[in-house]
Every structure is written in structure tokens, then in C-alpha cells.
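Inspection log for the structure reproduced underneath, given as C-alpha cells.
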Amino acid sequence: MDDRTQRILDIVVNSFLPLLKAGVEFTVPLALISFALGLVVALLAALARLSGNRVLSGIARFYVWIIRGTPLLVQLFIIFYGLPSIGLTLGAFPSAVIGFTLSVGAYGSEIIRAAIQSIARGQWEAAYSVGMTYSQALRRIVIPQATRVAVPPLANSFISLIKDTSLAAAITMTELFRVAQQITATTYEPLVLYSEAAVIYLIFSTVLSWVQGWLENRFSRHVAK
């Protein structure tokens with residue numbers, strides 16, 4: 001084994017745990033928090049879009065239009081680098097959470113809205129016939145059924161979010177990709193470090209894909225054959 005090969009192996013071995021630690025301590029929590037908050041925003045935006053209130057519907061449409069029509073990286077820069085110019089300074093982690101939450105909320109709202117609209121009108125009518133109010137019908141009848149429809153695309157969104165967290169490196173957050181950049185700056189082996197980071201992202205995505213399949217199978221058990 002030549003010196004070059006030995007050096008690369010040493011870098012891979014010595015950097016794997018720091019990269020994995022950054023992924024577990026920062027990347028995964030960032031994705032989980034942002035996705036959980038984003039789902040709340042998504043549900044509220046979807047219900048606003050479906051409501052008969054033109055003001056609420058208009059606000060929701062505008063929010064989705066803005067977030068979906070601009071790059072996520074630009075949004076992160078506005079939050080982290082732009083807001084301090086008007087006296088509002090946020091740390092890297094809260095800035096990333098806000099940016100990713102808004103992104104998940106916008107895209108998730110369309111998924112949830114489509115899922116709710118996929119429920120047959122007869123389900124609403126059946127709920128009303130037994131004396132349920134709109135909110136009761138939504139909570140007890142429609143949303144449980146819409147959840148089954150929404151799970152696959154929402155799970156895909158979460159897997160994408162895990163990978164998108166790498167953008168937080170651009171606002172100095174010390175997550176998985178940022179650590180790879182820092183180690184690269186001292187080892188001068190970008191191909192090795194970035195490939196190793198890609199492998200760890202792939203591991204996370206593979207595990208989440210398995211969880212997605214488990215969730216889909218679990219929800220499918222309640223579907224009438």
C-alpha cells in the first residue's frame with residue numbers, strides 16, 4: 001500500500017465519526033424539528049386554502065407562491081444575513097429551522113390540500129347527517145383518511161429535507177456538510193470528504209425509506225379491500 005492510499009484511508013477512518021456525530025446531533029434534529037413545525041404550518045395553510053374565507057385563502061396562496069417561487073438557499077440568506085440589517089439577528093440554528101419550516105409548510109400544504117380534496121364528498125355528507133360540525137367531520141372523518149393518502153408524499157418530503165439541510169452550511173451552521181467542509185480545509189481531500197458525507201446522507205435516506213415503507217404498510221391495513 002503506497003503512502004497516498006494509506007493517507008486517504010486514515011482520513012476516511014478519522015473523519016467518519018465526526019461526520020456521523022454532526023449528522024446525528026445537528027442534521028437529524030434540524031430536519032425533525034423543521035418537519036414537525038412545517039406540518040403544523042402546512043395543515044393550517046391547507047385549511048386556509050380550502051376555507052370559504054377569501055382573506056385567509058388569499059394569504060395562504062400568497063405564502064405558498066412566495067416560498068415555492070424562490071430558492072430555499074436565498075430564503076436562508078434573507079433570514080440569516082438579511083434580517084440583521086433591520087435589527088433582527090438570529091443564530092444559525094433558529095434561522096435554519098425557520099427557513100426549512102416555511103419550505104416544508106408551503107410544499108406540505110399542497111400535499112395535504114390534495115389529500116383532503118381526494119376524500120369523497122359523501123364522507124362529509126355522512127358526517128353531517130349524524131350531526132357533526134365541520135370541524136368534527138374534519139377531525140374525525142376526513143383527516144384520518146387523508147393522512148393515509150398524504151403519508152407517501154410527505155415521507156418523500158422528509159427524506160428530501162434531510163438532504164436539503166446541507167444548505168444550512170451556507171449560513172455557518174455546523175451540520176454534517178459543514179463539518180465535511182471544515183475537515184476538507186485541513187486535509188485538502190475534497191473528493192474523499194464530500195464522498196464520505198454523501199455516503200452518510202445515503203445511509204440516513206435509506207433508513208428513512210425503510211420507515212416510509214413501514215408506515216405505508218401500516219396505513220394500508222385499514223383500507224377496505
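Taken together, the values in this text are just the output of simple stated rules run on the coordinates, not laboratory data. Remember, predicted model here, so these are calculated numbers, not experimental data. Methodologically, a virtual Cβ is constructed for each residue, glycine included, from the backbone with ideal geometry; neighbour enumeration extends over all protein chains shown.
What is segment 120-225's relative contact order, in percent, from Cα pairs under 8 angstrom and six or more apart in sequence?
24 percent
Anyone know which of 24, 104, 149 comes out most mobile in the 10 Å Cα GNM of the chain?
Residue with maximal mean-square fluctuation among 24, 104, 149: 24.
How big is the charge dipole of segment 3-220 about its Cα centre, in debye rounded to the nearest 20, if each Lys and Arg gets +1 on its Cβ and each Asp and Glu gets -1 on its Cβ?
With Lys and Arg at +1 and Asp and Glu at -1, about 840 debye.
Let's test this: bin the Cα-Cα distances of the chain at 10 Å from zero up to the farthest pair and state each bin's percent.
Taking all Cα pairs of the chain, the binned fractions are 7, 26, 28, 20, 11, 5, 2, 0 percent.
Let me know the shape class of segment 1-132, please: from the alpha-carbon gyration tensor, a ≥ b ≥ c as square roots of the eigenvalues, rounded when a/c is under 1.5, otherwise prolate if a/b is greater than b/c, or oblate.
prolate
In whole Å, how far is the Cα centre of segment 29-44 from that of segment 144-216?
16 Å
What residue among 127, 188, 209 has its Cα farthest toward the positive end of the dipole of the chain, where the charges are +1 on Lys, Arg and -1 on Asp, Glu, each on the Cβ?
127
Between residue 89 and residue 65, what length comes free when the chain is fully extended (0.36 nm per residue of separation minus the Cα-Cα distance, one decimal in nm)?
6.1 nm
Under 8 Å for C-alpha pairs, at least 6 residues apart: give me the relative contact order for the chain, rounded to a whole percent.
Relative contact order here is 29 percent.
Using θ = phi - 60° and the Karplus curve 6.51 cos²θ - 1.76 cosθ + 1.60, what whole-Hz ³J(HN,Hα) does each residue of segment 27-43 get, with Gly and Pro shown as x?
Each residue's phi maps through the Karplus curve to give 5, 5, x, 4, 5, 5, 5, 5, 5, 4, 5, x, 5, 5, 4, 4, 5 Hz.
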